[in-house]
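All of the numbers you see were taken from the coordinates with simple rules; none came from a lab. Keep in mind that what you see is a predicted model, and the values were worked out from it rather than measured. Methodologically, a virtual Cβ is constructed for each residue, glycine included, from the backbone with ideal geometry; neighbour enumeration extends over all protein chains shown.
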Amino acid sequence: MLLAGLRLLNPEDAHQLTIWALRHGLVPARPVPPSKPLAQKLFGLDFPHPVGLAAGFDKDAEVPGPLLKLGFGFVEVGTLTPQPQPGNPRPRVFRLPGDGAVINRYGFNNGGMHAASARLKDRDRTSGIVGINIGANKTSTRPQDDYVAATECLAALADYITINVSSPNTPGLRDLQGREHLAALIAAVTAARDSSTASSAARKPAVLIKIAPDVTQVQLEDIADVALASAVDGIIVSNTTVSRPATLTGRHRLQTGGLSGRPLLQPSTAVLAAMFRLVGGNMPLIGVGGISSGADAYLKIRAGASLVQLYTALVYNGPGLVGEIVTEFDGLLARDGFGALSQAIGIDTHS
């Protein structure tokens, strides 16, 4: 009933109402029973299962605790920028229900790193794993400095940090995926991470990069080379796409912005498998794009992901989807004779 009511609202208004409801304890907790086959230790963190919430839902780190109570194995907040920014003009998010998709051009709308930091300082660090996704302000003339500033501000509060160089809604941001820019950016962020946590009791968070699904093979090879040669700990594959498959039927299908949801499943999984081959399984990957079932999540694992994230499917299926995916996941592992999720990682890339 609540989900149906939210769909009657403008998508952005519905999202804001959902955040408000979570913040005020109006969304019931949906704990997911622990599953030994699905549990993993990655980045020095104990993940109870591999299903996480992608960045973009809790942009301002307002409700990571309530989101973890919905059963997610981990939650990624942000994207956070050093200075507050309003993002692009509304309307800037569009549902394509027949396609199980969404197009957004939010543009990193957020209240800035300092406001988020004040909230994150109060969270219970024992309640679950929270990653922080960081980006550059739209008006920045030195984007690398923005990533460094955000890292210095937020590293001690993060279980991991994601360098977002793949949103299509900030001009020039995807250029940072180039070999030289990316290598310099990773070096600067990891140095800022190390210095900002060296004198505190805070654990040193892992540093990940989040890439686009629209990269060429050459770009993908460059990213893999840089990642393996740097101090980065993992790669998130992938962000939204600027492509528009001919199969889209929604009336908003030609809106500008990043497309997410079901149409992204196959292309993002192909990029994931290619990246897994390039890094030789020597770096954890997080698979994102088009997941709306346990079978979809399992496809990502078999293509090389150690963890998965979803977001758009929640718009159409509600928070109960998390538990459904985990339950289905368990059954698929058992069906294929795997005693642990790690045994299935990248299995389809070997053929």
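Taking every alpha-carbon pair within the stretch 220-311, the share separated by more than 19 Å comes to 42 percent. Based on Cα contacts under 8 Å between residues 6+ apart, the chain shows a relative contact order of 17 percent.
With the charge dipole of the chain set up from +1 on Lys and Arg Cβ and -1 on Asp and Glu Cβ about the Cα centre, the Cα lying farthest toward the positive end among the listed residues Ala155, Thr247, Pro91 is that of Pro91. Scaled to the globular estimate 2.2 N^0.38 Å, the Cα spread of the stretch 1-112, given as radius of gyration, is 1.19. Remark on the chain: Rg and Dmax equal 18.6, 54 Å (Cα only).
Where both bridge residues fall in the stretch 2-337, DSSP classifies roughly 30% of the beta bridges as antiparallel.
Compared with the direct C-alpha span, the chain from Arg142 to Glu180 gains 12.2 nm at full extension, assuming 0.36 nm per residue. Between Ile19, Ile134, Ile235, the GNM of the chain built on Cα springs shorter than 10 angstrom shows Ile19 fluctuating the most. On the basis of the beta-carbon distance and an R0 of 25 Å, Asp194 and Leu45 show a calculated FRET efficiency of 0.90. The stretch between Leu8 and Ser342 holds 116.1 nm of extra length on full extension. This uses 0.36 nm per residue minus the Cα-Cα distance. If a paramagnetic tag sat 7 Å from the Cα of Arg203 along the Cα-Cβ line, which residues of the stretch 294-337 would have the backbone N under 20 Å from that point? Answer for the stretch 294-337: 306-309. Helices assigned as whole DSSP H runs in the chain whose Cα atoms extend at least 24 Å along their own long axis and whose mean Kyte-Doolittle hydropathy is -0.5 or higher are found at 179-197.
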